[in-house]
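The values are calculated or read from the model by the stated rules, or taken from the named source; none is laboratory data. In this text, all values refer to a predicted model and were calculated from it rather than measured experimentally. Cβ coordinates were reconstructed from backbone atoms using ideal geometry, including for glycine residues, and neighbour counts include every protein chain displayed.
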Amino acid sequence: MTGLFYAAAMALLVTVALALVRAWKGPGTIDRIMAAQLVGTGVIGVALTLGAARGDATMLDAALVATLLAALAVAAFVASRAPRGARKDGEDRS
Amino acid sequence: MSLVFDLVLCLMILGTAAASLLMRSALGGIVFFIAFGNLLGIAWLSLGAVNVALAEIAIGAGVTGILLILAHARLSAMGDPVECEPTSPWMRAAVAVICGGLIVLLSVAVLSISPTDRMGAQIATLMPALGIENPVTGVLLAFRAYDTLLETFVLLGALVAVWAIAPPGGWPQRPASLAIATPVSLTVIGTFSRVLLPASLVMAAYLVWTGSDLPGGAFQGGTVLAGGILVAALGGAIALPRADDMRLRSVLVLGPAMFLGIGLGGIALGRFLSYPVGLEKALIVAIEYALALSIGATLALLVAGKPVPPAAVQEGGD
């Protein structure tokens, strides 16, 4: 069973590597950020399967923390892309 | 299988590190930096150092990522191109020498630790006296408490430094609002953050509590808390506080002050930072909770940045 979990962790690590290829090639910034999200998701999977392979339940906590904070980057990215002057008061920056 | 896994992981870590340095676009570099933090977290897991993995994933991949993205956005808004310009060969050589020297120093330091080092066994024999079972928490809060105490004050000092660069008229106002300017995105992130903030509160409390016996602790819990606060601020669910808000300031100093107070109380028992017999665990857990609150608030405010004049807040504050 342990070998099976290691194989799963390995397979997930390969999908992370593929996501990294997408992050490298882009071409757009949004593609890169989505690839970063995919890397985050893959890493959560690797943490879970590695925890199962090692029989270490505390690794699930690491997966949980990664899950909670994975959305931070994409939220910050959306905030950074918001058009200027689109505030509620409609004030225009010039 | 384990060896293959570790080798592939090492290659990927080196690859992401190289990519984040070589990437032409700054945001691309940030993406690889976040991926690098995540993979480093897995490496620590693979080494069995779950405490470090938690901190690396929370700080390296989570909060530093958001800090870099927001910094990039603010620099771009100021008209800074943020792209790398060609540097002179002398500069490159100097950087290579300094970084190479650091790597050599670190390698020597790591390799000088003997494989038959008895430190772990020594700590294991001392742990029962503390009533907690996580040796990392034991080292941080008891055996090397002095270091941890100073670190908490360094963090506070960093926030004071950020506040000190407030522009004229900015002090003691709020930091520039983080709320997303696009109404649709604000609704999505706002709804999401109202779910995430309570979940991150529970997770932070859990990490601190479990930290006395299993991997976790004040720094990990505080970072998760900071993450929840930041998403809530991005979603417009909470407003960032004024720098002179007394409740905010009490939260910021609560952890370090409590740690220092209990440490000074130890003088009455004979030594600075010693705990009274029988009360070790209660005091350590109390300090950890207070520290987690302070660290969470401090990290969130460090990412939010300097206070700005109220007019600038409405414009996005750049």
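Worth a mention:
- Residue in the range A:57-83 that is modelled with the highest pLDDT, counting only those that are outside any helix (DSSP H, G or I) and facing chain B (nearest Cβ under 7 Å): A:82
- Out of B:106, B:111, B:178, B:102, sole residue that is hydrophobic (A, V, I, L, M, F, W, C) and either under 22 Å from residue B:292 (Cα atoms) or buried (at least 17 other Cβ atoms within 10 Å of the Cβ) (or both): B:178
- Number of the exception - residue B:253 against (1) within 17 Å of residue B:178 (Cβ to Cβ); (2) under 25 Å from the mean Cα position of the chain (by Cα): (1)
- Residues of the range B:249-265 satisfying the condition of being in contact with a Phe, Trp or Tyr (Cβ under 8 Å, 6 or more places away or on another chain) and surrounded by fewer than 17 Cβ atoms within 10 Å (Cβ to Cβ): B:264
- For the range A:17-34, a residue qualifies if it is more than 7 Å from chain B (Cβ to nearest Cβ) and in a helix (DSSP H, G or I), and the qualifying residues are A:18, A:19, A:21, A:22, A:25, A:30, A:31, A:34.
- Qualifying positions in the range A:25-43 - surrounded by fewer than 19 Cβ atoms within 10 Å (Cβ to Cβ), within 12 Å of the chain's Cα centre (by Cα) and among the hydrophobic types (A, V, I, L, M, F, W, C): A:34, A:38
- Highlighted here would be helices (runs of 4 or more DSSP H) found entirely within the range B:205-318 that include at least 3 residues which are more than 30 Å from residue B:126 (Cα to Cα) and aromatic (Phe, Trp, Tyr), but there are none.
- Of the residues making up the range B:213-225, just one is surrounded by fewer than 24 Cβ atoms within 10 Å (Cβ to Cβ) and either more than 8 Å from chain A (Cβ to nearest Cβ) or free of Cβ contacts under 8 Å to residues at least 12 places away in the same chain (or both), namely B:213.
- Counting the residues of the range B:75-93 that are within 14 Å of chain A (Cβ to nearest Cβ) and under 14 Å from residue B:22 (Cα atoms) gives 1.
- Screening residue B:291 on (1) free of Cβ contacts under 8 Å to residues at least 60 places away in the same chain; (2) more than 20 Å from residue B:129 (Cβ to Cβ) shows it passes everything except condition (1).
- Residues of the range B:172-223 classified as of a type in the set (Ser, Thr, Tyr) and either on the phi > 0 side of the Ramachandran plot or under 22 Å from the mean Cα position of the chain (by Cα) (or both), total: 7
- Of all residues in the range B:200-212, none satisfies being more than 10 Å from chain A (Cβ to nearest Cβ), within 21 Å of residue A:76 (Cα to Cα), among the hydrophobic types (A, V, I, L, M, F, W, C) and free of Cβ contacts under 8 Å to residues at least 12 places away in the same chain.
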